[in-house]
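What follows is one structure encoded as structure tokens, with my remarks underneath.
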Amino acid sequence: MEKRDSVSPYALGVYLRQFAVLIGAGVSLIRTMDTIGKATAEGPLHQANAEMMAEIEAGSTLSACMLQRPRLFSRIVVSMVRAGEVGGVLDETLDRLARYLESDLDLRERLYLYYELARLRSAEAGAEVENRVREALDTTRDRVTEGLYWRALGEMLPAGVPIVQALECAAEVFEGEATAAVVQVARGLREHKPLTSELERTGLFSPAPLQLCAIGEEVGALDLMCLKAGELLELQTLAALREALAGPSADAPA
């Protein structure tokens, strides 16, 4: 199969949202893909949809088709779709996936807005505002990545993805050595080690989300607490950027 470009989170989110709506309405998988294909603009996703529809008609599954196209569908997407197929809740799973991607896109758009506000403000207030926001963005980049990790876990676990597999898939939101460190967490769980302590050992996770994770383990609500951890990190990130954009208070001592 020839190499293709990836698609934007927005396009993929719309694609999966249409899937969830149509399948949830009782439309067959093939008819769903045919309908979505007619509404999807020409490009990698349109072409992949046509190819996958033919493969499914020949006996393949949706998750197996997606697995063969890693530049379009991440391991998180594939794992959740597979879990939805096995559990007979593909519509709910696709809805969770769309929500996860939409949340990611919403955060990206707000971060871009802060960049633009800093650029516009710097024309009036000099480079100080822009530098302040850029510094805040640099310091919150890891927090954004961590938030995506917690959100991915929070969507995969209730969808039926086994926890070890969910941990391995969610690790792809990190990069380089960080990814390898988080994958080690999954290996620790195979040895029946507590999740929170294994995450803490990596040095990549913030104290408050780890506390939420520990509570989730204790009360059997890990998926909910992972989502709460993601929300908390998003709020902290945006608060830090708002403060940087506003600058020091006029009443603050010099």
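Kirkwood Rh and Cα-based Rg: tell me the resulting Rg over Rh for the stretch 147-254, rounded to two decimals.
Rg/Rh: 1.09.
From a point 7 Å beyond the Cα of residue 141 in the direction of its Cβ, which residues of the stretch 169-205 have a backbone N at a distance under 13 Å?
Output list for this probe position: 175-176.
Which residue fluctuates most in the GNM of the chain (Cα springs below 10 Å): 145, 196, 35?
Of the options given, 35 has the highest mean-square fluctuation.
Take peptides 147-153, 167-173 and line them up by average Cβ neighbours within 10 Å, highest first, as a rough protection proxy.
Ranked from most to least packed, the peptides come out as 147-153, 167-173.
Test of understanding: in a Gaussian network model of the chain with alpha carbons linked when under 10 Å, which of 128, 191, 57 would top the mean-square fluctuation ranking?
In this elastic network of the chain, the residue with the biggest mean-square fluctuation among 128, 191, 57 is 191.
Give me the percent of Cα-Cα pairs in the chain that sit more than 32 Å apart, rounded to a whole number.
Across the chain, Cα pairs with separations above 32 Å total 32 percent.
Defining a contact as two alpha carbons under 8 Å apart and six or more residues distant in sequence, what relative contact order in percent does the stretch 39-121 show?
Averaging sequence separation for qualifying contacts and normalising by length gives 15 percent for the stretch 39-121.
Efficiency by 1/(1 + (r/R0)^6): what FRET value for residue 38 and residue 197, r their Cβ-Cβ distance, R0 = 45 Å, to the nearest 0.05?
The calculated FRET efficiency here is 0.35.
For the chain, what relative contact order do you get, as a whole percent, if you take Cα pairs closer than 8 Å and at least 6 residues apart?
It rounds to 19 percent for the chain.
Over 13 Å, how big is the tail of the calculated P(r) for the stretch 27-84, in percent of all Cα pairs?
Values: 989 of 1653 pairs.
The share of Cα pairs beyond 13 Å in the stretch 27-84 comes to 60 percent.
Obtain the nm distance between the two label points defined at residue 54 and residue 236 by a simple spin-label model: each point lies 7 Å from its Cα along the Cα-to-C-beta direction.
Rounded to a tenth, the inter-label distance reads 4.9 nm.
What do you get for the angle between helix 127-156 and the principal long axis of the chain? Use alpha-carbon atoms, 0 to 90 degrees, nearest ten.
The angle comes out at about 40 degrees.
Throughout, read-outs are computed from the coordinates displayed, never taken from laboratory work. As the structure is a computational prediction, the values presented were derived from the model and not from experiment. Ideal geometry is used to build each Cβ from the backbone, glycine not excepted, and the neighbour counts take in all protein chains shown.
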